[in-house]
Structures are given as structure tokens and as C-alpha cells.
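Coordinate-derived values only; no laboratory data. Everything numeric here is computed off the predicted structure, so don't read it as measured data. Cβ atoms come from the backbone with ideal geometry, glycine included; neighbour counts cover every protein chain shown.
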Amino acid sequence: MARVTRLGASVGVVCLLLSGCGEQRDVDAQASVPAPLNERELTWVRAYSAWAVTFWDEGFRPRPGAGVERVCLEQLDDAGRAPTKRLRLAEADARRVCSDLVQGSAVEAQEAAEAADDSLLPLLLEEQPLAVRSGAVTTASHIDLDLGLVAGKLSGEGVEVRCWSGPDWQRFIGESNVWNGEEDDHAEIEGRADVDSGRMHLLLEHCNLLVSLRREAVESRSREGLIDAGSALMTFAHEIGHFAEPDASEAEVECASYALAARLGPELTVERAEIGLLLEAYRDSVAPTLPNEYRDPSCAAAAGAQARG
């Protein structure tokens with residue numbers, strides 16, 4: 001979505017460079033989180049976002065005349081009136097965009113569009129402050145500084161790693177779906193990279209596995225345990241891959257992830273042989289189940305070599 005105001009402006013990356021930032025974020029994270037958008041609100045936000053994408057990506061030519069107003073208002077009218085009070089300011093700003101365009105005021109129209117986004121973003125879970133942790137196993141959603149530093153080192157980019165609990169993950173994916181016009185099933189997604197915002201999103205259980213591997217004997221894990229930890233490792237590596245090569249396809253990133261996962265060993269204080277066990281479990285049990293867009297037959301040999309260490 002090519003919009004000036006985007007979901008997920010990265011504050012946490014700056015926190016990596018500032019002393020004491022983690023403490024402040026912990027205090028801020030106690031602030032009240034807005035109630036989730038209900039189904040009627042989500043439906044309206046999806047329609048609004050589709051209109052906004054049209055505005056930002058295609059543009060409405062700011063020439064005088066009722067034709068511009070009709071084109072601009074058409075999608076908003078199809079969405080109907082905002083169903084709740086907390087959405088109505090965004091609707092009013094969106095309609096102001098159309099009025100400004102009719103008057104030939106492109107700058108004012110863009111400012112109104114930004115104001116409409118700014119009215120909605122604070123309602124979304126991703127925009128809420130999170131507690132900041134460093135390599136800790138927790139039960140609550142948080143930003144993990146250690147994982148962010150590792151991701152940044154391997155990708156060469158500033159990365160904020162957000163670890164989401166199960167309920168928060170479901171809400172995050174649902175809201176992301178309506179904002180970006182997608183239909184993802186939260187139960188089928190284990191990670192997401194937003195390169196533009198500098199944020200990586202992971203399941204909390206994967207974050208917990210990644211930071212606890214250094215404290216255990218990986219070879220003592222059951223086969224199922226190896227698969228779970230291998231999935232966490234490869235999900236992390238895959239999302240790092242998107243930051244390292246933002247224009248690569250899913251299959252290309254997945255293939256490169258085996259090499260990235262091997263490089264994660266020293267960063268996570270996991271022995272090379274243990275990384276090999278995790279990659280082997282992933283390659284044999286998880287990789288064959290991935291959607292076709294993630295699978296590249298030519299990658300099999302390289303994946304096998306990485307798994308053998």
C-alpha cells in the first residue's frame with residue numbers, strides 16, 4: 001500500500017539507539033488499549049482503506065468540476081456511513097479530501113487524507129505501545145530487543161521484532177487484513193515482515209523458543225519438539241530474509257533462509273550441530289507442507305547441505 005501515512009511507523013528501532021527507552025516503553029505499555037473493532041467497523045475500515053489506496057496509488061486529478069467529486073465520493077458512498085462515533089472523524093476527513101480536490105487544492109486534500117488515517121491508526125493493536133524485553137521468555141506480547149538486534153545484524157537493516165500472544169496475533173492479523181485488503185488466516189501465519197515500517201511480527205511462542213534454545217540441550221528434544229523449534233528458527237530466518245532482500249519472491253527468500261538460519265547459531269548461542277538438527281527436522285517435516293509459492297525444487301540440495309551442517 002503506497003500511502004504517505006502507513007500502518008506501523010517504527011518507534012522501537014529508535015529505542016535500540018537510546019538509553020532508557022525500554023523503561024519508558026514499559027510505562028507507556030500500561031496505557032489502555034482500545035477495544036477491538038467490531039465486525040461492522042472492520043467492514044467499514046476495509047472499504048475506507050480501499051478508497052484510500054485508490055487516492056494514494058492512482059490519484060484523483062485535482063481539476064474543478066463535479067466529475068472529480070463523484071469519482072472521489074463513489075467508494076466512500078458505497079462504504080456507507082461510519083457505523084460508530086470513533087470512526088466518524090475519519091469519514092469526515094475522507095469526505096473533505098473530495099471537497100478539496102473539487103476546489104483544485106491537492107495539498108489540502110493530501111493533508112485531509114493523512115488526517116483520516118491518523119484518526120484510525122490509534123484504534124489498531126499494532127499502534128499500541130508494547131513492553132520492551134531483551135531475550136526473555138514471557139506470556140505477554142512485547143518487543144524483543146535481542147531478536148531485533150540479531151535480525152538487524154543479519155539483514156543490514158534496522159528491525160523491530162514484535163512478539164504477539166495468541167489472542168493478540170489473531171487481532172493483529174484481522175486488523176491488518178482489513179487495512180491492507182487481505183484475507184489471511186491468522187492460524188496459518190507464523191511471521192510477517194513489514195519492511196517499510198522496519199517491523200517484524202512473530203508468534204510469541206516462536207520468540208520464546210528462540211530465546212530459550214541457548215539454555216537447553218537441543219538434541220534432547222523429541223521429534224515434535226525439534227519440528228517446533230525448527231519452525232521457529234526458520235520463520236525468524238525467513239522474515240529476516242525479507243529485510244535482506246525485499247524484492248525477492250517467497251520461494252527465493254525461503255531457499256535463502258536455510259543459510260540465514262545456519263548463521264543464527266552463534267547469534268542465539270546454539271551449537272552448529274544443534275542448528276543442523278533443527279534444519280533437518282524442518283526440511284523433512286515442514287517444508288513439504290508449504291504452499292507452492294514457497295517451494296523451489298532447485299533449493300532442495302542446498303537445504304539438505306545446510307541441515308547436515
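What to note about this one:
- Distant alpha-carbon pairs in the stretch 128-307 (separation over 31 angstrom), percent: 9 percent
- For the stretch 38-123, taking Cα atoms only, Rg and Dmax work out to 12.1, 38 Å respectively.
- Charge-dipole axis of the stretch 38-123 as Lys and Arg at +1 and Asp and Glu at -1 on Cβ define it, positive-most pick from 55, 120, 80: 80
- Ranking 269, 151, 173 by how far each Cα lies toward the positive end of the dipole of the stretch 128-307 (charges on Cβ) leaves 269 at the top.
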